[in-house]
Amino acid sequence: MMMGRKLMEKLLVLPVAMLAACGGDVAGTEQAVELGENSQGVLFAPSAPASGNILDATTNLGPVTLGGAVQTYFTTNPQYYSFKVQVPANSLVGLEVTHLGSSMYLDTSLFVYGPKNAAGSYGTTVLAQDDDAGYGQLSKLASVPLVQGGEYLVVVSSSNGSGKQFRLQTSCAGGACTSLTLPPAPAGYQLTLSEQSITSQLQSTLATGEAVYEYTSGSLRRFDFAWPYSGEPTLAQADAAALGIRDYDYYYGGTTGTTLTYAQLHGYLYSEFQPLHAQILSTYGNGVENVQVMTHYYTRLVAPGASGWFRLNVILFPQSKKIIVFEQTAYET
């Protein structure tokens with residue numbers, strides 16, 4: 001006989017811990033600046049903070065490698081996300097909110113500040129900005145000349161972006177970028193995870209799957225991480241970071257992870273959760289990266305005469321710098 005999930009939750013108490021999320025309230029208010037004579041073009045720039053460091057008026061999501069990309073989504077209107085980009089001297093840098101990986105009807109603005117000075121400030125002077133030079137109402141700076149080497153701050157903003165995702169692509173518009181060589185990750189480097197909310201669409205799909213059977217349940221979580229090194233993080237590093245979360249430490253020692261391609265993961269999901277498969281990839285992938293999965297599985301007695309089945313899937317998006325953790329469980333008596 002199958003045992004109801006609510007009853008099993010009373011019998012099986014799992015430790016719960018939450019990692020602190022990056023960011024928080026977005027500083028600054030909506031500010032519209034007309035673009036020349038074009039009445040349609042409006043830039044939504046962050047207001048200059050009292051500190052004199054524009055970073056304090058944004059939600060910073062960490063570094064982006066020059067020549068790489070990052071994908072995320074807005075949660076409020078208006079909102080200002082910032083990304084740190086290390087640039088060598090005498091570079092021509094391209095920045096674009098791409099059609100690939102960005103939601104339809106999204107209107108963005110793009111700004112460049114810096115470089116960071118010895119006090120850690122990027123100042124408040126805009127070096128380059130754009131509203132609608134990209135696809136539709138997306139933003140694009142095809143060639144930004146940056147004479148001074150250092151760390152610059154790229155800000156992507158939107159007035160109507162709540163619930164919509166975007167993908168920021170950085171590129172070298174000139175050959176000088178080839179002079180930048182990132183160091184390899186230190187031996188034994190451990191990823192530091194920052195938990196972020198999943199999208200409302202994924203939450204809805206998860207809830208629909210959970211409602212199908214009383215004896216199965218699912219948990220979906222998203223974690224971001226910084227990677228200011230050459231190459232890409234490994235699946236082993238992602239798996240170790242996920243298992244280091246207290247909620248999942250009971251998988252240590254009791255299971256041996258199995259490496260899967262993302263396509264193979266579909267067959268390991270219960271039927272009620274399989275709709276998540278395509279949605280996770282389209283929401284968090286950049287369309288070109290090699291998404292990898294480490295899956296852990298074990299069974300055990302959770303109460304007298306009651307068994308539990310547990311599977312943890314650690315999904316690495318190596319270029320988008322994200323780890324998605326999906327756990328599915330089932331109980332039977």
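The values are calculated or read from the model by the stated rules, or taken from the named source; none is laboratory data. Owing to the predicted nature of the structure, the values given are computational and were not obtained by experimental measurement. Note that we place each Cβ from the backbone using ideal geometry, even for glycine, and neighbour counts take in every protein chain shown. Keep in mind that these areas ignore ligands, DNA and RNA; they rest on the heavy atoms of the full protein, side chains included. Shrake-Rupley method; radii C 1.70, N 1.55, O 1.52, S 1.80 Å.
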Which of the residues belonging to segment 129-138 are surrounded by fewer than 22 Cβ atoms within 10 Å (Cβ to Cβ), modelled with pLDDT of 90 or more and not in a strand (DSSP E or B)? A133, G134, Y135, G136, Q137
Suppose we filter segment 220-277 for residues that are among the aromatic types (F, W, Y), over 23 Å from Y73 (Cα atoms) and modelled with pLDDT under 90; how many remain? 5
Name the one entry in L153, L66, L110, L141 that is open to solvent by less than 50 Å² (accessible area, probe 1.4 Å), in contact with a Cys (Cβ under 7 Å, 6 or more places away or on another chain) and outside any helix (DSSP H, G or I). L66
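Answer yes or no as to whether V126 is part of a loop (DSSP other than H, G, I, E, B) and either open to solvent by 60 Å² or more (accessible area, probe 1.4 Å) or over 29 Å from S197 (Cβ atoms) (or both).
Working: part of a loop (DSSP other than H, G, I, E, B): yes; either open to solvent by 60 Å² or more (accessible area, probe 1.4 Å) or over 29 Å from S197 (Cβ atoms) (or both): yes.
Considered against the rule, which asks whether it is part of a loop (DSSP other than H, G, I, E, B) and either open to solvent by 60 Å² or more (accessible area, probe 1.4 Å) or over 29 Å from S197 (Cβ atoms) (or both), V126 comes out as yes.
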I need every pair where a residue in segment 46-70 that is of a type in the set (S, T, N, Q) has its Cβ under 6 Å from the Cβ of a residue that is open to solvent by 10 Å² or more (accessible area, probe 1.4 Å) and outside any loop (DSSP other than H, G, I, E, B), sequence separation at least 6 or different chains. T59/Y81
What pairs come up if the first residue lies in segment 307-328 and is under 21 Å from V288 (Cα atoms), the second is of a type in the set (D, E, K, R) and part of a loop (DSSP other than H, G, I, E, B), and their beta carbons are under 7 Å apart, counting only those six or more places apart or on different chains? F317/E289; P318/E232; P318/E289; Q319/E232; Q319/E289; S320/E289
Is there a residue in segment 28-42 that is assigned to a loop (DSSP other than H, G, I, E, B), crowded, with 19+ Cβ neighbours inside 10 Å and at pLDDT below 50? yes
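Quick one: count up the residues across segment 221-267 that are part of a helix (DSSP H, G or I) and open to solvent by 30 Å² or more (accessible area, probe 1.4 Å).
Just the residues of segment 221-267 that are part of a helix (DSSP H, G or I), to begin with: 235-243, 246-251, 262-267.
When the remaining residues are screened for being open to solvent by 30 Å² or more (accessible area, probe 1.4 Å), the result is 236-237, 240, 246, 249-250, 263-264, 266-267.
Qualifying residue count for the region: 10.
When residues of segment 227-250 are filtered for being of a type in the set (S, T, N, Q) and out of contact with any strand residue (DSSP E or B) (no Cβ under 9 Å at 6 or more places or on another chain), how many remain?
In the first step, residues of segment 227-250 are kept if they are of a type in the set (S, T, N, Q); the result is 230, 234, 237.
Filter once more, keeping what is out of contact with any strand residue (DSSP E or B) (no Cβ under 9 Å at 6 or more places or on another chain): 230.
The qualifying residues number 1.
Where residues in segment 69-89 are polar (S, T, N, Q) and in a strand (DSSP E or B), which of them is farthest from A142 (Cα to Cα)? Quick ask: steps written out before the conclusion?
Let us first name the residues in segment 69-89 that are polar (S, T, N, Q), namely 71-72, 75-77, 79, 82, 86.
Going one step further and asking which of them are in a strand (DSSP E or B), we end up with 71-72, 79, 82, 86.
Details: Q71: 19, T72: 21, Q79: 23, S82: 19, Q86: 18 Å.
Ranking the candidates gives Q79 first.
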Checked against (1) assigned to a helix (DSSP H, G or I); (2) over 19 Å from F310 (Cα atoms); (3) open to solvent by 40 Å² or more (accessible area, probe 1.4 Å), I280 satisfies every condition except (3)
Can you tell me which residue among Q196, Q148 is at pLDDT below 90 and under 23 Å from V97 (Cβ atoms)? Q196
Could you go through segment 48-57 and let me know if any residue there is open to solvent by 30 Å² or more (accessible area, probe 1.4 Å), at pLDDT 95 or above, under 30 Å from I245 (Cα atoms) and charged (D, E, K, R). yes
Subset tally (residues that are free of Cβ contacts under 8 Å to residues at least 60 places away in the same chain, among the hydroxyl-bearing types (S, T, Y) and in contact with a strand residue (DSSP E or B) (Cβ under 7 Å, 6 or more places away or on another chain)) for segment 92-113: 2
Restricting segment 304-325 to residues that are among the small types (G, A, S) and open to solvent by less than 20 Å² (accessible area, probe 1.4 Å), the one farthest from L193 (Cα to Cα) turns out to be A306
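Can we say L92 is open to solvent by less than 30 Å² (accessible area, probe 1.4 Å) and either part of a strand (DSSP E or B) or farther than 22 Å from S282 by Cα (or both)?
No.
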What single numbered condition from (1) within 21 Å of Q203 (Cβ to Cβ); (2) among the polar types (S, T, N, Q); (3) modelled with pLDDT of 95 or more; (4) open to solvent by 20 Å² or more (accessible area, probe 1.4 Å) fails to hold for Q328? (4)
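Name the one entry in R222, R167 that is among the basic types (K, R) and closer than 19 Å to T65 by Cβ.
Values: R222 fails: closer than 19 Å to T65 by Cβ.
That would be R167, the only listed residue that is among the basic types (K, R) and closer than 19 Å to T65 by Cβ.
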